[in-house]
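Some notes on the structure that comes next.
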Amino acid sequence: MTKNIKDYLVVAIIVTLVAASYGIVRFAGTYSRSIQPGAYRSFSVSAEGKAVAIPDVATISFTVLTEGGTDLGALQTENTEKANDAIAFVKEEGVAAKDIETQNYSVTPRYQHYSCSYDYSSDRSVEPCPPPVIVGYTVNQTVSVKVRDFDKIGAILAGVVDRGANTVSGPSFAVDDPTEIEAQARAEAVQKAKAQAREVARAGGFSIGRLISIEESTPYYYGRDMKLESATAYGMGGDSAAPPAPAIEPGSDEFIVRMYLRYEIR
């Protein structure tokens, strides 16, 4: 083999190695960006989207509390009759059975405790002290009701008290299915975040690359809650004449979603 041929072979091998090395470097760079896209040259923006909705469901709860002596059966019967009467009234007002839920039923004994003399010098009672004695029971039943016809909320609140409920709370207003409202808030948040990304890129003198990631915070909303603490407000304090039902206004709920977008910098 002549010297010229050897020289050509050496040059060809060098060129081949250089080309191969360049290809490996390009592949490594592309692979690195694919598994960690733009992490070292990226920026993030966030924005908040809001959507207003009118509540379509109101939740109220009422409690029937019966307190008396040691005849537990009579107390349970009295409590059950009052609670069932209130529930029947709620159904008569058009509330579906699926929207009525018994949240709590409890029976609690009431004790009489004795005060006995105690000799601290000898660290013992002066005389045997009898144990606490059950002198009565308290029966408590709480029912939760979802009302979808808001024109009947006031009548239901007044009616359950008139039928024996001792405590009424609510109404608490909400949107029964917030999916559509959340979607509107989410779309607004994304559009605001995109506009913010364009402003950041323009101010920074660079171009926006691919969208690398998108995340959102847990949607939340502002609602209202009105609590009616005392049953005497509805004539349960001895007034035989039932007062008028309260006027209830649902207002509106504001759903809020925050979106986080990360872009590659070009």
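Quick notes
- The lone criterion from (1) outside any helix (DSSP H, G or I); (2) at pLDDT below 95; (3) among the β-branched types (Val, Ile, Thr) left unmet by Val64 is number (2).
- Taking the conditions (1) of a type outside the set (Ser, Thr, Tyr); (2) under 30 Å from the mean Cα position of the chain (by Cα); (3) at negative phi in turn, Gly94 satisfies each one other than (3).
- Of all residues making up segment 85-109, the number that are part of a helix (DSSP H, G or I), surrounded by 15 or more Cβ atoms within 10 Å (Cβ to Cβ) and not hydrophobic (A, V, I, L, M, F, W, C): 2
- Pick from segment 145-167, criterion touching a strand residue (DSSP E or B) at 6+ places or on another chain (Cβ under 8 Å), outside any strand (DSSP E or B) and of a type outside the set (A, V, I, L, M, F, W, C), ranking: farthest from Pro55 (Cα to Cα): Gly164
Results for (1) out of contact with any strand residue (DSSP E or B) (no Cβ under 8 Å at 6 or more places or on another chain); (2) assigned to a strand (DSSP E or B); (3) at pLDDT below 90, shown as yes or no for each residue.
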position	(1), (2), (3)
Ser169	no, yes, no
Val190	no, no, no
Ala193	no, no, no
Gln196	no, no, no
Ala203	yes, no, no
Met236	yes, no, yes
Ser240	yes, no, yes
Pro243	yes, no, yes
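- Residues that are farther than 30 Å from Asp177 by Cβ, assigned to a loop (DSSP other than H, G, I, E, B) and at pLDDT 65 or above, drawn from segment 207-234: Ser207
- Among (1) at pLDDT 90 or above; (2) crowded, with 17+ Cβ neighbours inside 10 Å; (3) not acidic (Asp, Glu) - the single one Pro55 does not satisfy: (1)
- Filtered by the rule that a residue be of a type outside the set (Gly, Ala, Ser) and surrounded by 18 or more Cβ atoms within 10 Å (Cβ to Cβ), segment 168-183 gives Val168, Pro171, Phe173, Val175, Ile181, Glu182.
The values are calculated or read from the model by the stated rules, or taken from the named source; none is laboratory data. Treat the numbers as computed from the prediction; the structure is a model and nothing was measured. Backbone-built Cβ (ideal geometry, glycine too); neighbour counts: all protein chains shown.
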